[in-house]
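The values are calculated or read from the model by the stated rules, or taken from the named source; none is laboratory data. Keep in mind the model is a prediction, meaning the values are calculated, not measured. When we count neighbours, we look across all protein chains shown, and the Cβ atoms used for this are built from the backbone with ideal geometry, even at glycine.
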Amino acid sequence: MISEPVLLLPTKCIVDERLRLRETPKLHQECCIDPDPMHTEAVLKVKMTGVTFNKDFELFKLKNFPGRPVVPGNKTVGRLHQVSPQANLQPGKYLIFPYSNCLLQQSSQICENCQYLKDTKTYPLSYKTIQYHKEYQCLYSWEYGLTLDGGMQDYVKVKSPEQSLIKVPYTISLHDCCFILDLALPLYSFLKDINTSIFEESVEDSNDSEKILIILNDCTKEANDILIVLKHFNISQKHVKILDSSLLESLKHADKARQYESKFKYSFLFNTSKDSVELGTLAVSTGLEATKSRYHMVLFDQYSPKSLLHNKNLDKQNPDITVTHFKLSYKDRLNCVELINIISQLNLVTRANSNNTHNKNNSTDEDSNIIDDSPLQGGPRPSVTSIDTSTSSLSASSIHSNSTSNTSLSKGGSMRKTLRFRDDESIIAPPTQRTRSFKNYSWLWYERDFNLCNEHEHDQSEDDMEERPSKCHSVRQINRLIRTENNNSRVCYTKKIKSSNINALLFK
């Protein structure tokens, strides 16, 4: 049973066969762990679920996928609520790593690759066994928020929690933990999978200034995801050219040929539109089959069924380049842990620098209001370029928005104004001194925080993403956003249990 009183029935939002969310109560057994000692489980109370609208619901549009109603939300942080006695987990907040396999799910039908890992005793995943997990990846699609119930619910059950959950350090925001899975982890994992020393040498030894082309959906929203990873691998920004869909549209055909044709060795496509693929191919194409192993185009299209269908034969059509459709899987869990620690360390360094500046100014504020797990209250979201002194082909104007601000809800319900990105390249303003909690920066862009509300709490007079901030999104509003074409919004949903005037019992 749930170990704390609830004032409303726990609910979940499921995607039905018409690609519509609908709200339904959670049954008692869905909130309880299996008493069988052979099955290790944990139940988490969902604290935050990140949603990227142009990605997270695309695969649901495929016919007969996933074949049953499922709870979406593959970027989820929750607080440990119940756990099997045999699981060695400490209380706290955990990120649910969405990618799983047959062994973790304790499935009665195990795929051939998972059976091999079991027979050779190369399970569970560790640094000693990671090579086996790369070579023998699960053949089934086990993913929370896609084929397994995800985070758009009050409580989520996770099997094999010691291998499926990642402890969230207090030195990183929950927002970054969620959206690290969108762009940063795929790029980080790919660069780790290849020989990065050879990668860096091939770039540094080149006489040309730019050898890596990266195409995003929107530089103002996604630049930091990429720059954090490039900085970690010591890839100088002067060797990188970053475009997005708007810049791509402004390029004339003659400019494409003159500026990009055969000028790059690597093209990384997070935007996989027809124009992006054409430019990415043009940038690395040499016309010589002998160069295939040295020129690469990588499509990060795991959640783009249109790209997977239209671009499946690119490798055959372009024998002079190596084409890769990169896909995250369970083997990337260790990389996710590393990347969380990298951003956590970035927070510590930035905070230390800010505190040094703060101490010089002798400015303190002992009574400041502390709000856990959110970006610094009232402060700008930092840019990686502010801590990188290398020259970059990415201008400040293409990274930062023009003094655009968002307003989001704080934990106490008050409104908090947060700048998306800054127009200058200086280090972020020093925060006021806080003694009761460690405040984190949010490096990765997101639109806004919303409470995931029940239908009876919904105010129909409010628009979905209006400038006047609303406190919550209902299922009805989320359905409208799902149907919106080319919706690049990143939002975070929380669920607050509120009191109700109605007491009810659910019988089955």
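Among the residues of the range 293-349, which ones are over 30 Å from SER442 (Cα atoms) and of a type in the set (Gly, Ala, Ser)?
Passing the criteria: SER293, SER307.
For GLY78, indicate whether it is in contact (Cβ under 8 Å) with a residue 40 or more places away in the chain, under 13 Å from MET152 (Cβ atoms) and assigned to a loop (DSSP other than H, G, I, E, B).
No; evaluated as a whole, the condition is false for this residue.
Would you confirm, using the coordinates I've provided, whether VAL277 is under 21 Å from the mean Cα position of the chain (by Cα), modelled with pLDDT of 95 or more and surrounded by 21 or more Cβ atoms within 10 Å (Cβ to Cβ)?
When the stated conditions are applied, VAL277 does not pass them.
Tell me, which residue of the range 330-347 that is out of contact with any helix residue (DSSP H, G or I) (no Cβ under 8 Å at 6 or more places or on another chain) and surrounded by 15 or more Cβ atoms within 10 Å (Cβ to Cβ) is nearest to TYR140 (Cα to Cα)?
SER344
Just to check your reading of the model, which residue among SER304, SER276 is under 30 Å from GLU485 (Cα atoms) and in contact with a strand residue (DSSP E or B) (Cβ under 6 Å, 6 or more places away or on another chain)?
SER276
Does LYS316 satisfy the criteria of being charged (D, E, K, R), within 26 Å of ASP244 (Cα to Cα), surrounded by fewer than 16 Cβ atoms within 10 Å (Cβ to Cβ) and modelled with pLDDT of 90 or more?
Against the criterion (charged (D, E, K, R), within 26 Å of ASP244 (Cα to Cα), surrounded by fewer than 16 Cβ atoms within 10 Å (Cβ to Cβ) and modelled with pLDDT of 90 or more), LYS316 does not qualify.
Criterion first (of a type outside the set (Ser, Thr, Tyr) and either more than 23 Å from the chain's Cα centre (by Cα) or at pLDDT 95 or above (or both)) does ASN74 satisfy it?
Answer is yes for this residue.
Restricting the range 27-57 to residues that are at pLDDT below 90 and charged (D, E, K, R), which is nearest to THR484 (Cα to Cα)?
In this case the residue turns out to be GLU30.
So how many residues does the range 92-146 have that are surrounded by fewer than 16 Cβ atoms within 10 Å (Cβ to Cβ), part of a helix (DSSP H, G or I) and under 26 Å from the mean Cα position of the chain (by Cα)?
Summing the residues that are surrounded by fewer than 16 Cβ atoms within 10 Å (Cβ to Cβ), part of a helix (DSSP H, G or I) and under 26 Å from the mean Cα position of the chain (by Cα) in the range 92-146 gives 3.
Taking GLU30, is it surrounded by 15 or more Cβ atoms within 10 Å (Cβ to Cβ) and not in a strand (DSSP E or B)?
yes
Check the range 126-135 and report whether any residue there is under 30 Å from ASN440 (Cβ atoms) and either of a type outside the set (Val, Ile, Thr) or touching a strand residue (DSSP E or B) at 6+ places or on another chain (Cβ under 9 Å) (or both).
Yes, because at least one residue in the range 126-135 is under 30 Å from ASN440 (Cβ atoms) and either of a type outside the set (Val, Ile, Thr) or touching a strand residue (DSSP E or B) at 6+ places or on another chain (Cβ under 9 Å) (or both).
Which of the residues spanning the range 108-132 are over 25 Å from LEU185 (Cβ atoms), without any contact (Cβ under 8 Å) to a residue 24 or more places away in the chain and either touching a Gly at 6+ places or on another chain (Cβ under 7 Å) or of a type outside the set (A, V, I, L, M, F, W, C) (or both)?
SER108, GLN109, GLN115, TYR116, LYS118, ASP119, THR120, LYS121
Which of the residues spanning the range 288-298 are in a helix (DSSP H, G or I) and either crowded, with 21+ Cβ neighbours inside 10 Å or not β-branched (Val, Ile, Thr) (or both)?
GLU289, ALA290
Tally the residues that are modelled with pLDDT under 90 and closer than 21 Å to LEU339 by Cα, restricting the search to the range 236-272.
2
Starting from residues that are in a loop (DSSP other than H, G, I, E, B) and in contact (Cβ under 8 Å) with a residue 40 or more places away in the chain, keep the ones in the range 304-329 and report whichever is nearest to TRP142 (Cα to Cα).
It comes out as SER329.
Inspect the range 272-284 for any residue being acidic (Asp, Glu), free of Cβ contacts under 8 Å to residues at least 12 places away in the same chain and closer than 25 Å to LEU59 by Cβ and give the result as yes or no.
yes
Taking ASP301 as the residue in question, decide whether it is in contact with a His (Cβ under 7 Å, 6 or more places away or on another chain) and either closer than 26 Å to PHE57 by Cβ or part of a strand (DSSP E or B) (or both).
Judged against the criteria, ASP301 is a match.
Any chance you could count how many residues in the range 77-91 are surrounded by fewer than 19 Cβ atoms within 10 Å (Cβ to Cβ) and within 26 Å of the chain's Cα centre (by Cα)?
5
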